[in-house]
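Presented below is the structure to which this report refers.
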Amino acid sequence: MSDVIVQALNGLASASNLFLVAAGLSLIFGVTRIVNFAHGSFYMLGGYVAYSLVGVLGATPIGLWGAMALAPLAIAALGGLLEVTLLRRIYRAPQLFQLLATFGVVLVVQDLVLLVWGPQDRLGPRAPGLEGAIDILGRKFPTYDLFLIALGPLVLAGLWLLLKRTRWGVLIRAATEDREMVAALGVSERHLFTGVFVLGTLIAALGGSLQLPRQAIHHGMDLEIIVETFVVVVIGGLGSIGGAYVAAVLIGLLNALGIAVFPQIAIVLVFLVMAAVLIVRPHGLFGRAEAPVRVASPVVDPLLRPPSAAVRNAVAAGVVALAALPLVAGPYGLSVATEVLIFVLVAASLHLMTGIGGMVSFGHAAFFGAGAYGAALVVRHLQAPMEMALVAGPLLAGAIGLVFGWFCVRLSGVYLAMLTLAFAQILWSVAFQWYAVTGGDNGLLGVWPSAWTDSPARFYLLVLGITAAALYVLWRIVFSPFGYALRACRDSVRRAETIGIDRRTTQWLGIALAGAFAGIAGALYAFLKGSVFPDVVAIPVSIDALTMILLGGINALAGPVVGAVVYKTLLILLASETDYWRLVVGITIIALVVIAPEGIVGFVTRRLALPDTNRADTTRADTTGADTTGADR
């Protein structure tokens, strides 16, 4: 019993820290509606800056506590600068562009931290006055952790007083309910947004600085904390501070006790809980449906029309030119080109779901990984040839799409995106732990192509042919009656249902189709690499796919193709040339979001005044699936 109690107290200490980060994110989202992926970066910077300040002020009581107090103030000022210079420009842009911009900030901060502090973990001194431990049922428990447990409710009470008993707090709550009405009453929206962003950043950085006496500060802290923070905010309900605290306590206890109680599912337990909560309560435990927010579309396009004959001829010529690549490229160049083609198909499949269907996914890697494992499993366990494996991969991915999609179509916006993330993490856990079938973290090796494609040139041509055929089929789907129904559900659920379209069934099939096409890419990827590991289902693959379609242009049919080619090529080339490739990629992403929010294809089309025959209909206001007519999703 004493072990359980001590473990529970460890969970509560972690929960207080998690609440600090989640409370800041919930405040920012509630008012600005920005899904701030860089929030974890402020948490990490709080720890690093506190470490540096201790080096300047000394490891004395005044030096350490002063450093942990001053670091959040410095990071809050940095957050205010970021809000004024970058985020203020994109408040009225669709949420996906805001997410892309903050993801660019994450990449930049990661490499800046490596440049300034190096790759080594940084250890801080013990907290003066709280160095020891107390006896709890015969077990020692750190005094500093008790301080953290008490701090969480104190911060919650402070935020409650701020929101309930001050005029500024009333404005924050009013903006959370209806920010357009607050602006109509004469309240400065800019000042309010900046103030809330600074406060949210301050709380997150405080959480990071308070970790200095407790754990090593390292450059992976940002991504570690941001995923769990999103889980907490979504479970508690977006914009609910009290809900964030309850969810943080729940997640903290699950993380602490899960290993002892549910050892087989401990690493994915929080995502199972999040999926269950969202299925039962689509807006979280304490959340409510978001009020519709009108945002300006980055471009104004006419109705999507099939490409002209000139465009089709240009595409055909491009395919022919790519088919001639083996005549001039060596094995390495062909390997790079093959990988780029595979991710073109990944991006195109996600575009069907997100760009055409309006359903944002943070877990598209689930389908890509399912295709890879489906192909590898029939090769390794059934001794099947490559041809059969290329069929098994997309079949498994499509079946998983049918299962996941049945639950996902009940949600919309950020909640739908987070449910896809939960499902992807569940699948990753299965791949990581089921050693008897998937090989666990050892992976599945020896997944080689058939003899007739055993050279880089032949396998490249196979991938080119399959990718070109898949893109053609996707194009036909977009302009089929089903594709028009999918876009109708994206633009206005109420109008679509009025004319007899079954929204849930249409979107459900859209998710399954997107999964099947991603599965084709995953199967090809397995044979390209000759092996499959759990990282094909990991979160970075999903984020990369989303980045590709946004960079290329979510409002353009050619967007995922161009975005995948540019992004994947840039990653491969930079990673081979410099250790700080994230810095270059992050700056490029931020610049594109500011200069060309419509993406590369949209920017080029607008600058050259080309005909809009290859552009998607963006008369909707938000690509996250929000109904701009105010209809309830």
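The values are calculated or read from the model by the stated rules, or taken from the named source; none is laboratory data. Since the model is a prediction, treat every value here as computed from it, not as a measurement. Cβ coordinates were reconstructed from backbone atoms using ideal geometry, including for glycine residues, and neighbour counts include every protein chain displayed.
Answer yes if at least one residue in the range 586-604 is aliphatic (A, V, I, L, M), crowded, with 21+ Cβ neighbours inside 10 Å, closer than 23 Å to Gln95 by Cβ and in contact with an Asp or Glu (Cβ under 9 Å, 6 or more places away or on another chain), and no otherwise.
no
Name the residue that is farthest from Arg305 (Cα to Cα), counting only residues in the range 458-476 that are surrounded by fewer than 18 Cβ atoms within 10 Å (Cβ to Cβ) and of a type outside the set (Phe, Trp, Tyr).
The extreme case among them is Arg458.
Applying the selection to the range 477-512, what residues are among the acidic types (Asp, Glu) and buried (at least 17 other Cβ atoms within 10 Å of the Cβ)? Before you say what the answer is, go through the steps one by one.
Going residue by residue through the range 477-512, those that are among the acidic types (Asp, Glu) are 491, 497, 502.
Listed by number, the list holds a single entry, Asp491.
Residues in the range 482-492: is at least one assigned to a loop (DSSP other than H, G, I, E, B), in the same structural domain as Phe368 (by TED's automatic domain parsing), modelled with pLDDT under 95 and touching a helix residue (DSSP H, G or I) at 6+ places or on another chain (Cβ under 8 Å)? Even if it seems obvious, please write down each step before you answer.
At the first step, the residues of the range 482-492 found to be assigned to a loop (DSSP other than H, G, I, E, B) are 492.
If we keep only those that are in the same structural domain as Phe368 (by TED's automatic domain parsing) as well, we get 492.
Applying the additional criterion that residues be modelled with pLDDT under 95 yields 492.
When the remaining residues are screened for being touching a helix residue (DSSP H, G or I) at 6+ places or on another chain (Cβ under 8 Å), the result is none.
No, the conditions are met nowhere in the range 482-492.
Taking the residues in the range 143-188 that are among the charged types (D, E, K, R) and touching a residue at least 24 places away in the same chain (Cβ under 8 Å) as candidates, determine which candidate is farthest from Ala13 (Cα to Cα).
Taking the range 143-188 first, the residues among the charged types (D, E, K, R) are 145, 164-165, 167, 173, 177-180.
Narrowing the set further to residues that are touching a residue at least 24 places away in the same chain (Cβ under 8 Å) leaves 145, 177-180.
Numbers: Asp145: 5, Glu177: 32, Asp178: 35, Arg179: 35, Glu180: 39 Å.
Only one residue fits best here, namely Glu180.
Quick check on my filter: what residues within the range 497-512 are more than 10 Å from Phe367 (Cβ to Cβ) and not charged (D, E, K, R)?
As a first pass, look at the range 497-512 and keep what is more than 10 Å from Phe367 (Cβ to Cβ): 497-510.
Answer for the range 497-512, where residues must be more than 10 Å from Phe367 (Cβ to Cβ) and not charged (D, E, K, R): Thr498, Ile499, Gly500, Ile501, Thr505, Thr506, Gln507, Trp508, Leu509, Gly510.
I'm checking my understanding of the structure. Among residues of the range 584-633 that are modelled with pLDDT under 50 and of a type in the set (A, V, I, L, M, F, W, C), which one is nearest to Phe37 (Cα to Cα)?
Ala626
Within the set of pairs 6+ apart or on separate chains, which have a first residue in the range 411-423 that is in the same structural domain as Thr506 (by TED's automatic domain parsing), a second that is part of a helix (DSSP H, G or I) and of a type in the set (Val, Ile, Thr), and C-beta atoms under 6 Å apart?
Met418/Val234
Tell me whether the range 323-346 contains one or more residues that are under 22 Å from the mean Cα position of the chain (by Cα), among the hydroxyl-bearing types (Ser, Thr, Tyr) and modelled with pLDDT of 95 or more.
Looking for residues that are under 22 Å from the mean Cα position of the chain (by Cα), among the hydroxyl-bearing types (Ser, Thr, Tyr) and modelled with pLDDT of 95 or more, one finds none in the range 323-346, hence no.
Please go through the range 118-149 and give me each residue that is of a type in the set (Phe, Trp, Tyr) and either crowded, with 20+ Cβ neighbours inside 10 Å or in a loop (DSSP other than H, G, I, E, B) (or both), ordered by number.
Filtering the range 118-149 for residues of a type in the set (Phe, Trp, Tyr) gives 141, 144, 147.
Within the range 118-149, none qualify.
For the range 59-84: of the residues being buried (at least 21 other Cβ atoms within 10 Å of the Cβ) and farther than 30 Å from Leu99 by Cα, which is modelled with the lowest pLDDT?
This residue is Leu64.
Which one of these is surrounded by fewer than 24 Cβ atoms within 10 Å (Cβ to Cβ) and at pLDDT 90 or above: Asp544, Asp579? Lay out the reasoning, then the answer.
Values: Asp579 fails: at pLDDT 90 or above.
Checking each option against the conditions leaves just Asp544.
So, Trp428, is that one under 23 Å from the mean Cα position of the chain (by Cα), buried (at least 19 other Cβ atoms within 10 Å of the Cβ) and under 30 Å from Leu238 (Cβ atoms) or not? Walk me through how you get there before you give the answer.
On the way: under 23 Å from the mean Cα position of the chain (by Cα): yes; buried (at least 19 other Cβ atoms within 10 Å of the Cβ): yes; under 30 Å from Leu238 (Cβ atoms): yes.
Here the answer is yes, as Trp428 does meet what is asked.
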